[in-house]
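As structure tokens, the structure follows; a few thoughts come after it.
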Amino acid sequence: MTSVGLGFPTIRSHRAQSGRPPNPDLIDEFGRVARDLRVSITEKCTLRCTYCMPEEGLPPIESHALLTASEIVRLVDIAVRHLGIREVRFTGGEPLVRRDLEKIIAGCRKLHPKLPLAMTTNAIGLDRRAEGLANAGLDRVNISLDTIDRDVFVKLTRRDRLPSVLAGIRAARLHGFTPVKVNAVLNADTLATAEELLQWCLNENVHLRFIEQMPLDADRTWNRTNAVTAEDLLSVLRQRFRLTPHGRIDPSAPAEEWAVDGGPARVGTIASVTRTFCADCDRTRLTAEGTIRPCLFSDIETDLRSALRAGASDEELAQSWRDAMWRKPFGHEIGNDGFSPPVRSMGAIGG
Ligand code: SAM
Ligand code: SF4
């Protein structure tokens, strides 16, 4: 495989020479340890962001194939007690679409009173559910909002729901989900409105992070040559704000931080494509159908749902999870000209 000269990194990797050592944690062949669990709980969504979902939505998961609330709670419990997971984030699809989200969160909270529980959401309907989610034990929310220009929002998400998202962000603050983080995916449509979005987030006292769009859109329109990079964004923002590097908060956290106009306000950039953080990746993913996905970009998944429903013990499920993670690939190959995107798009994996 040859690498292309567009500034995209090529991952070099050295696999372990021997087999998996008897370690209870989710280690892989390259010495990384997964501590952060992403749990997708649905493929359904109230938006149709062009960089994620097809216009008609994802093919529905049949109800018997979807993990139930109690199955999710059991797998989270195994991840924490047997596998060293220290943080859990619920995602999708849109997690708020599931009516039993509060039950899932309360179940995890009851078993693990100190476990950090977070959710990534588009915030539609959060104004009505924030209080119940806080009472169930949810600690933090990351809210996706790419623009505050209503026309651009409609074009990007194919739905006229910006007011609901803004109401959700305000409710999140009101109910103590602080710091509220806002994630914005960068693409050619939103770049011109980035300054306006940053100013809005500064005014609302929420922390904004821009994320490079990855080739995980269901419509397969992502293209290396016209992808918007974090560098492109910084030059746009610098026309209005003074940005000074603030570094990374922690090495496994992918955001690089910038102080805005001397601080204390900050903005983050997550250069998932041009400055990959695969070498520090500490994530493991559970899909809504109960498969373990070690890496966003690899379609190799391990089915835990069948084993769980066939009566496997906690330790048997934990060992399957360990074996799945041992084979985690070193990194994505976006910079290589042989790259092909995974079969599942972002909404079907859980971002
Ligand atoms: N629906 C929720 C939301 O939008 O926050 C949760 C699921 S969404 C798949 C999780 C995150 O993935 C969001 O922050 C979204 O912006 C991000 N995302 C979706 N498609 C992406 C892509 N192609 N590249 C980078 N991030 C993407
Ligand atoms: Fe839905 Fe989130 Fe994907 Fe947008 S990014 S379509 S809100 S799952």
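Out of the residues in the range 110-136 meeting the condition of being away from ligand 2 (no atom under 16 Å from the Cβ) and among the small types (Gly, Ala, Ser), tell me which one is surrounded by the most Cβ atoms within 10 Å (Cβ to Cβ).
Across the range 110-136, the extreme among qualifying residues is Ala130.
Filter the range 70-102 for residues that are of a type outside the set (Asp, Glu) and over 20 Å from the mean Cα position of the chain (by Cα); which is nearest to ligand 1 (Cβ to nearest atom)?
It comes out as Arg99.
Only residues that are at pLDDT 95 or above and either surrounded by 15 or more Cβ atoms within 10 Å (Cβ to Cβ) or within 21 Å of the chain's Cα centre (by Cα) (or both): list them for the range 295-315, please.
Selection gives Thr302, Asp303, Leu304, Arg305, Ala307, Leu308, Ala312.
Looking at (1) part of a loop (DSSP other than H, G, I, E, B); (2) within 16 Å of ligand 1 (Cβ to nearest atom); (3) hydrophobic (A, V, I, L, M, F, W, C), which one does Phe330 not meet, given that it meets all the others?
The one condition Phe330 does not meet is (2).
Find the residue count for the range 163-198, including only residues that are farther than 18 Å from Arg209 by Cβ and in a helix (DSSP H, G or I).
The qualifying residues number 7.
Please tell me if Gly31 is away from ligand 1 (no atom under 16 Å from the Cβ), part of a loop (DSSP other than H, G, I, E, B) and surrounded by fewer than 22 Cβ atoms within 10 Å (Cβ to Cβ).
yes
If you take the residues of the range 204-226 that are under 21 Å from Ala348 (Cβ atoms) and of a type in the set (A, V, I, L, M, F, W, C), which of them is farthest from ligand 1 (Cβ to nearest atom)?
Residue satisfying both the conditions and the ranking: Ala218.
What's the number of the only condition in (1) of a type in the set (D, E, K, R); (2) loosely packed, with under 15 Cβ neighbours inside 10 Å; (3) modelled with pLDDT of 95 or more that Arg322 fails to meet?
(2)
If Glu316 satisfies every condition in (1) of a type in the set (D, E, K, R); (2) free of Cβ contacts under 8 Å to residues at least 60 places away in the same chain; (3) more than 16 Å from ligand 1 (Cβ to nearest atom); (4) closer than 15 Å to Asp28 by Cβ but one, which is the exception?
Only one criterion in (1) of a type in the set (D, E, K, R); (2) free of Cβ contacts under 8 Å to residues at least 60 places away in the same chain; (3) more than 16 Å from ligand 1 (Cβ to nearest atom); (4) closer than 15 Å to Asp28 by Cβ is unmet by Glu316, namely (4).
Out of all the residues in the range 297-313, is one or more part of a helix (DSSP H, G or I), acidic (Asp, Glu) and more than 16 Å from ligand 1 (Cβ to nearest atom)?
no
Residues Leu66, Leu58, Leu37: which one is more than 16 Å from ligand 2 (Cβ to nearest atom) and closer than 16 Å to Thr287 by Cβ?
Matching residue, one of Leu66, Leu58, Leu37: Leu37.
Which residues, counting only those in the range 166-196, are over 18 Å from Thr221 (Cβ atoms), in contact with a helix residue (DSSP H, G or I) (Cβ under 8 Å, 6 or more places away or on another chain) and crowded, with 19+ Cβ neighbours inside 10 Å?
Matches in the range 166-196: Gly168, Ile169, Ala171, Ala172, His175, Phe177, Val180, Val182, Ala184, Thr193, Ala194.
Restricting to the range 135-185, count the residues that are under 20 Å from Glu87 (Cβ atoms), small (Gly, Ala, Ser) and within 13 Å of ligand 1 (Cβ to nearest atom).
Residues in the range 135-185 being under 20 Å from Glu87 (Cβ atoms), small (Gly, Ala, Ser) and within 13 Å of ligand 1 (Cβ to nearest atom): 2 in total.
The values are calculated or read from the model by the stated rules, or taken from the named source; none is laboratory data. Just so we're clear, the structure is a prediction, and the values are computed from it rather than from any experiment. Counting neighbours? That spans all protein chains shown, and the Cβs are built from the backbone with ideal geometry, glycine included.
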